[in-house]
1. Taking the condition at positive phi and of a type in the set (A, V, I, L, M), does Met293 pass?
2. I need a count of the residues in segment 56-77 that are within 16 Å of Ala157 (Cα to Cα) and either modelled with pLDDT under 95 or open to solvent by 80 Å² or more (accessible area, probe 1.4 Å) (or both).
3. Within segment 45-77, restricting attention to residues that are under 30 Å from Leu219 (Cβ atoms) and free of Cβ contacts under 8 Å to residues at least 60 places away in the same chain, which residue is nearest to the chain's Cα centre (by Cα)?
4. So for segment 258-268 (the condition being touching a strand residue (DSSP E or B) at 6+ places or on another chain (Cβ under 9 Å), assigned to a loop (DSSP other than H, G, I, E, B) and of a type in the set (A, V, I, L, M, F, W, C)), does at least one residue qualify?
5. When only residues in segment 269-297 that are open to solvent by 70 Å² or more (accessible area, probe 1.4 Å) and assigned to a helix (DSSP H, G or I) count, which is nearest to Gly65 (Cα to Cα)?
6. Across segment 192-237, which residue is nearest to Ile298 (Cα to Cα) among those that are aromatic (Phe, Trp, Tyr) and part of a helix (DSSP H, G or I)?
7. For Val11, work out the one condition from (1) in a loop (DSSP other than H, G, I, E, B); (2) open to solvent by 40 Å² or more (accessible area, probe 1.4 Å) it doesn't fulfil.
8. List the residue pairs whose Cβ atoms are under 8 Å apart, where the first residue sits in segment 265-281 and is under 17 Å from Lys196 (Cβ atoms), the second is open to solvent by 30 Å² or more (accessible area, probe 1.4 Å) and part of a helix (DSSP H, G or I), and the two are 6 or more positions apart or on different chains.
Amino acid sequence: MSQISYKDAGVDIDAGNSFVENIKPLVKSTKISGVIGGIGSFAGAFELPKGFNEPVMLAATDGVGTKLKLAIDSGIHNTVGIDLVAMCVNDLICNFGTPSFFLDYYATGKLDVKTATSVIAGIAEGCIQAECALIGGETAEMPGMYSHDDYDLAGFAVGVAEKSEMDRVALVRAGHKLIALPSSGLHSNGFSLARKVLFEKMGMKFSDEFNGKPLIETLLEPTKIYVKTFKELKNQIVALAHITGGGIVENLPRVLPENLRAEVKKDAIKVLPIFELISKHVQESEMHRAFNMGVGMILVVKDEDVNTVLSKTDGYLIGEIKEGKREAVMV
């Protein structure tokens, strides 16, 4: 009777081992103070940072969404890892948490060592930008669950915050100003709509020139990571809102108390060209709900700190906090 191996069933253990060896230097490149040991154990270890009176651990998890489909179809895999880290750490800082470490989950139908290594290289680069450590992860080869070339990503970021600094909503007051920090593009939201408009409705191709470069490069531009900006300006920031799915109108109210509203000057938004292109076939209200429109993060800032924040960032004034029902409105 013939014998069947795990490889015959579609899972290559040797490829998995080769992949782990490939990524060891990438993981090492992200090492920061607090990391204990390296990869290869059953769990990653990180020493609780000192200097906190009441340290609180924060955790955030996310994925990259259908932006992955563009990476897979185009064969460009080295940037979506940055997106993965960004989507998690940009959430952490909104609760005044400083990212400490990151873990990833990579699932695929058949492990391609070169592709997987490229993805992890992007994750490592994202961790370097976020000044946190990649301390572990999981790779799952699941034939029958995913098609041959498909893969999926999930990420998990953990950070630490001072307990007394976490409740930012309670600090927001009428008269505080809103400063927009520009996005680098679509970031990691709205790609199902973008793909339908650009490729199905408009019949565009990855190689089509857009804004001086192939369209695919604009679409795969990685999500901007705002951790360093947060660290530098922490004392001048009242609150932060990460502008992801739902846009400004759904994310900005998350930092508002019940009696205050955010008035955003629609004409002040520096809309990126890619959104102008998509908007030819999408209603304006839907654009503002699906996309960041060029704003990746909004800072709530006291009037006396506005000039300092503007001088140290590429941000710009976009609105103000006023008395009223808890909502964000475009005016």
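1. Values: at positive phi: yes; of a type in the set (A, V, I, L, M): yes.
Answer is yes for this residue.
2. The initial filter retains those residues of segment 56-77 that are within 16 Å of Ala157 (Cα to Cα), namely 56-64.
Retained after the next criterion (residues that are either modelled with pLDDT under 95 or open to solvent by 80 Å² or more (accessible area, probe 1.4 Å) (or both)): 57, 59, 61.
The qualifying residues number 3.
3. In the first step, residues of segment 45-77 are kept if they are under 30 Å from Leu219 (Cβ atoms); the result is 59-77.
Checking the rest, the ones that are also free of Cβ contacts under 8 Å to residues at least 60 places away in the same chain come to 75, 77.
Numbers: Gly75: 21, His77: 16 Å.
Among them, the one singled out is His77.
4. Quick first cut of segment 258-268, residues touching a strand residue (DSSP E or B) at 6+ places or on another chain (Cβ under 9 Å) only: 259-266, 268.
Now restrict to residues that are assigned to a loop (DSSP other than H, G, I, E, B): 259, 265.
With of a type in the set (A, V, I, L, M, F, W, C) added as a condition, the list becomes none.
No, every residue in segment 258-268 fails to be touching a strand residue (DSSP E or B) at 6+ places or on another chain (Cβ under 9 Å), assigned to a loop (DSSP other than H, G, I, E, B) and of a type in the set (A, V, I, L, M, F, W, C).
5. Going residue by residue through segment 269-297, those that are open to solvent by 70 Å² or more (accessible area, probe 1.4 Å) are 270, 276, 280-281, 283-286, 289.
If we keep only those that are assigned to a helix (DSSP H, G or I) as well, we get 276, 280-281, 284-286, 289.
On the way: Glu276: 22, Lys280: 23, His281: 22, Glu284: 23, Ser285: 22, Glu286: 19, Arg289: 16 Å.
Out of the qualifying residues, it is Arg289.
6. Going through segment 192-237, the residues aromatic (Phe, Trp, Tyr) turn out to be 199, 206, 210, 226, 230.
Then keep just the ones that are part of a helix (DSSP H, G or I); that gives 199, 230.
Numbers: Phe199: 31, Phe230: 11 Å.
This residue is Phe230.
7. So the condition that Val11 fails would be (2).
8. Cβ pairs passing all conditions: Ile278/Leu193; His281/Lys201.
The values are calculated or read from the model by the stated rules, or taken from the named source; none is laboratory data. Values in this document were obtained by computation on a predicted structure and should not be read as measured data. Using ideal geometry, Cβ is built from the backbone for each residue, glycine included, and neighbour counts are taken over all protein chains shown. Heavy atoms of the whole protein, side chains included, go into the accessibility calculation; ligands, DNA and RNA do not. Shrake-Rupley method; radii C 1.70, N 1.55, O 1.52, S 1.80 Å.
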